[in-house]
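Read the figures in this text as sums done on the coordinates, not as results from a lab. Note that the coordinates shown come from a computational prediction; the quantities given were computed from them, not determined experimentally.
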Amino acid sequence: LCLVGVALAVGVMIAFPPAATLGTVTLAILAGIVLGNVLPLHWTNLPGVAFCERRLLEYAVICMGAGLHVGDLTALGLETAAIVLLAMIGALLAGVLVARFLKLGPTFGILMGGGTAVCGSSAIAAIAPTVDADEKTTGVSVGVVNLFGVIGIFLLPTVAWWLQLCVN
């Protein structure tokens, strides 16, 4: 199965050169999408999947945050920090405003804004209990943020390749 995945990835990169700029994380997401829709999920696996969705995801976010070094962040400078902070605030506000405009409710807007501003599903999972979000609102928020994230993962490197921008 692993060899099939590698062969598929190589074939995609040969047929569509921008795919080579996607990186391993994107290829892993693509493989997950394909395998998740091709291979059936047996009912005996559901407790393990639930554990990964809850606990393992939380621990992964903690480890990801622990991998950030304060020195690396401060090396970016105050201007960069201000731009990042403004972009995060803008994403939070946009989530709330779009949800209000579409009459989707403030909870959905907070989850969407937080998921967009911070780090997607894990941010939504962390925010949901603090705003008393129900399971449906949380699930839809995770789905929408992941959908747009996957689209962006494929779209941005492709656009950069077409525009002949550096994607290193």
I need two numbers for segment 63-151: Rg to one decimal and Dmax as a whole number, Cα atoms only, in Å. 14.3, 43
With the convex hull built on the alpha-carbon atoms of segment 112-168, volume per residue in Å³ sits at 72 Å³
